[in-house]
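Peer 1: First the structure, which I've put down as structure tokens, then a few questions once you've had a look.
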Amino acid sequence: MARTATVERNTSETQISLSLNLDGSGICEVANPVGFFDHMLRSFCKHGMFDLRGTLHGDLQVDQHHLIEDTGIVLGTCFAKALGNCAGIFRSGFFLYPMDESLCRAAVDFGGRPYLVCDAQLTGIPLVSAGADGTAPCAASFQTDCFEDFWQGFVTGARCNLHLDVLRGRSDHHKMEGLFKAAARAIRAAVEIDARRQGAVPSTKGVII
């Protein structure tokens, strides 16, 4: 059976619609108004082999927080819906990803309990790109403090626990991109079907709640 899900979230702050295929080929076709965040989602899909389609709208005149956090919630909820009772999957996964001078680690468990530990070692300084006129910030700019907000939203929606750590690094761009890629590979390992499990739920409880 296809492991897919579509989730919408409409509030006074954001309007988000995403469709996920866990067993995809790495396609990301999401209308995303934040350039660096778009780059991160594309990297996540490419390295996780997930297909993701949809649209993101939010109150960017306030800041990026609402849009990015709510996108994490919606994406995580897509994973929860697509996995259902988690029968037959490996459930946990981990990965070390080198990104130039940065070394990033991710470990995940789809065990039904949301918890995030994020030690990204970010400076807190926004990534700022100049606009076409060379002065005003453009849509590629990114508030780095929203990085953890995205993953907090994700674990809440996915009901998983996730540990993200930068072991060493200098560039905030490389740290965040390395962690997105490490998370993608760890999540990919966790949600893949374990043929030896023969469709059983991967828990001594018999259920994942």
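The values are calculated or read from the model by the stated rules, or taken from the named source; none is laboratory data. Source: prediction; values computed, not measured. Using ideal geometry, Cβ is built from the backbone for each residue, glycine included, and neighbour counts are taken over all protein chains shown. For the accessible areas, the whole protein counts, side chains as well, though only heavy atoms, and no ligand, DNA or RNA atoms are used. Shrake-Rupley method; radii C 1.70, N 1.55, O 1.52, S 1.80 Å.
Peer 1: Of Gly26, Gly76, which residue is at negative phi, touching a Phe, Trp or Tyr at 6+ places or on another chain (Cβ under 8 Å) and small (Gly, Ala, Ser)? Before you say what the answer is, go through the steps one by one.
Peer 2: Values: Gly26 fails: at negative phi.
It is Gly76.
Peer 1: Quick one: would you say Gly169 is under 14 Å from Gly84 (Cα atoms), touching a Ser or Thr at 6+ places or on another chain (Cβ under 9 Å) and at pLDDT 95 or above? Outline the logic, then answer.
Peer 2: On the way: under 14 Å from Gly84 (Cα atoms): no; touching a Ser or Thr at 6+ places or on another chain (Cβ under 9 Å): yes; at pLDDT 95 or above: yes.
No.
Peer 1: Next question. Taking segment 59-82 only, how many residues are under 18 Å from Phe44 (Cα atoms) and in contact (Cβ under 8 Å) with a residue 60 or more places away in the chain?
Peer 2: So the first thing to find is which residues in segment 59-82 are under 18 Å from Phe44 (Cα atoms), and the list is 67-80, 82.
Still in the running and in contact (Cβ under 8 Å) with a residue 60 or more places away in the chain: 68-80, 82.
Residues flagged as under 18 Å from Phe44 (Cα atoms) and in contact (Cβ under 8 Å) with a residue 60 or more places away in the chain within segment 59-82 amount to 14.
Peer 1: Now a separate question. Can you tell me which of Ile187, Ile193 is at pLDDT 95 or above, within 19 Å of Val117 (Cα to Cα) and not hydroxyl-bearing (Ser, Thr, Tyr)?
Peer 2: Details: Ile193 fails: within 19 Å of Val117 (Cα to Cα).
Exactly one residue qualifies, and that residue is Ile187.
Peer 1: Moving to a separate point now. Name, by its number, the condition in (1) at pLDDT 95 or above; (2) open to solvent by 10 Å² or more (accessible area, probe 1.4 Å) that does not hold for Ser129.
Peer 2: The single condition Ser129 does not satisfy is (1).
Peer 1: Considering Glu29, Glu69, which residue is open to solvent by 10 Å² or more (accessible area, probe 1.4 Å), among the charged types (D, E, K, R), part of a strand (DSSP E or B) and closer than 22 Å to Ser141 by Cα?
Peer 2: Details: Glu69 fails: part of a strand (DSSP E or B).
Just a single option satisfies the conditions, and that option is Glu29.
Peer 1: When you go through Leu96, Leu116 one by one, which is the residue that is surrounded by fewer than 16 Cβ atoms within 10 Å (Cβ to Cβ), touching a helix residue (DSSP H, G or I) at 6+ places or on another chain (Cβ under 8 Å) and not in a loop (DSSP other than H, G, I, E, B)?
Peer 2: Values: Leu116 fails: surrounded by fewer than 16 Cβ atoms within 10 Å (Cβ to Cβ).
Going through Leu96, Leu116 in turn, just one is surrounded by fewer than 16 Cβ atoms within 10 Å (Cβ to Cβ), touching a helix residue (DSSP H, G or I) at 6+ places or on another chain (Cβ under 8 Å) and not in a loop (DSSP other than H, G, I, E, B): Leu96.
Peer 1: Being touching a residue at least 40 places away in the same chain (Cβ under 8 Å) and under 13 Å from Ala183 (Cβ atoms) is the requirement here; does Gly111 meet it? Spell out how you get there, then give the answer.
Peer 2: Numbers: touching a residue at least 40 places away in the same chain (Cβ under 8 Å): yes; under 13 Å from Ala183 (Cβ atoms): no.
In short, no.
Peer 1: Something else now. May I ask you to verify whether Leu103 is part of a strand (DSSP E or B), open to solvent by 40 Å² or more (accessible area, probe 1.4 Å), of a type outside the set (Ser, Thr, Tyr) and farther than 17 Å from Trp151 by Cα? Show your work before the answer.
Peer 2: Details: part of a strand (DSSP E or B): yes; open to solvent by 40 Å² or more (accessible area, probe 1.4 Å): no; of a type outside the set (Ser, Thr, Tyr): yes; farther than 17 Å from Trp151 by Cα: yes.
Taking the combined requirement at face value, the residue does not satisfy it.
Peer 1: Mind listing just one residue for me: the one in segment 43-62 that is open to solvent by 50 Å² or more (accessible area, probe 1.4 Å), touching a helix residue (DSSP H, G or I) at 6+ places or on another chain (Cβ under 9 Å) and of a type outside the set (A, V, I, L, M) and, of those, nearest to Gly178 (Cα to Cα)? Before the answer, list the steps.
Peer 2: As a first pass, look at segment 43-62 and keep what is open to solvent by 50 Å² or more (accessible area, probe 1.4 Å): 46, 49, 53, 55, 57, 60-62.
Add one more test, that the residue is touching a helix residue (DSSP H, G or I) at 6+ places or on another chain (Cβ under 9 Å), and what stays is 46, 49, 57, 60.
Next, only the ones that are of a type outside the set (A, V, I, L, M) stay: 46, 57.
Working: Lys46: 13, His57: 26 Å.
Filtering segment 43-62 for residues that are open to solvent by 50 Å² or more (accessible area, probe 1.4 Å), touching a helix residue (DSSP H, G or I) at 6+ places or on another chain (Cβ under 9 Å) and of a type outside the set (A, V, I, L, M), the one nearest to Gly178 (Cα to Cα) comes out as Lys46.
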